[in-house]
1. Quick one: if the Förster radius is 22 Å, what FRET efficiency do Thr42 and Glu114 give, using the C-beta to C-beta distance and rounding to 0.05?
2. Ignoring the sites themselves, what is the longest stretch of the chain with no GluC sites (Glu not before Pro) in a DSSP loop and at most 16 other beta-carbon atoms within 10 Å?
3. Highest first, please rank the peptides 55-66, 25-36, 86-97, 120-131 by the mean number of other Cβ atoms sitting within 10 Å of their residues.
4. Calculated from DSSP H runs of 4 or more alone, at -39500 (n - 2.57) each and per residue, what is the 222 nm mean residue ellipticity of the chain, nearest 500?
5. I need to check one value: relative contact order of the chain, counting alpha carbon pairs closer than 8 Å and at least 6 residues apart, in percent.
6. Could you work out how far helix 21-33 tilts from the main Cα principal axis of the chain, as a 0 to 90 degree angle to the nearest 10?
7. Return one whole number: the accessible area per residue of the chain in Å², for a 1.4 Å probe.
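The values are calculated or read from the model by the stated rules, or taken from the named source; none is laboratory data. Model, not experiment: these values are computed from the prediction. FYI the Cβ positions are ideal-geometry reconstructions off the backbone, even for glycines, and counts take in every protein chain you see. The area values use the complete protein model at the heavy-atom level, side chains included, leaving out ligands, DNA and RNA. Shrake-Rupley method; radii C 1.70, N 1.55, O 1.52, S 1.80 Å.
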Amino acid sequence: MYTGSGEVVYSRRVLVNECEPGLYAALIKWIRDRGFAVWSVTELYHSGDVPALSTQARFYSFIFLRRCKYSATRLSKAQLMGVSLVQVHVPDIDGSSWSWCGIIEDLVELVFGEHRAVLAHMRWLAPWAGEPLDDWKD
C-alpha cells in the first residue's frame, strides 16, 4: 500500500485524542517558528484576534511516504520498536550535515487555519561517544 510518487498514504487507523503537554508545547512552537500567530490554551492572556490551537489532534498508527513505512510506537500493532526507528539527516549552515537516530512515538496531524501537516513526535536516542568493541571495529 505505497505509491511510487512522493504522496503520503495515511493509515486507516486514526485516533482523535488529547495531546500530552510536551507534544502540545512542541506543536505550538512549530507553528510559531513558521511565523504564524497562535494562542496556547495554557496561556492566561491572549488577543481575541489570535486563534487557539486545540489540545485534541488526530494520531495515525503509520504513514507511507516515498515508498517507506513509518510507524508510531504508541498506536502501532508492531511488537518491535525497530519499525519506528529512523535516522534523520539535518543540513548544517556550513553545507555539511549531521544525523540523529530516534523512535517515532506519535504521528500527529496538525491542522491550523488552511495549513495541514503530519508531524513525527520523536524520542531521540543519545549518541554513543565511547569506543566500539573489537567485534564492531571491522
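1. Working: r = 24 Å, r/R0 = 1.11.
Efficiency at R0 = 22 Å is approximately 0.35.
2. On the way: sites that count: Glu7, Glu43, Glu114.
Here the longest segment lacking exposed loop sites spans 44-113.
3. Numbers: 55-66: 17.6, 25-36: 14.2, 86-97: 8.6, 120-131: 10.7.
My ranking of the peptides, most packed first, is 55-66, 25-36, 120-131, 86-97.
4. Numbers: 1 runs with 13 residues, N = 138.
After summing the helix terms and dividing by residue count, I get -3000 deg cm²/dmol.
5. On the way: 215 pairs, mean separation 28.4, N = 138.
Dividing the mean separation by the residue count of the chain yields 21 percent.
6. Helix 21-33 sits roughly 80 degrees off the main axis of the chain.
7. Values: 9980 Å² over 138 residues.
That works out to 72 Å² per residue.
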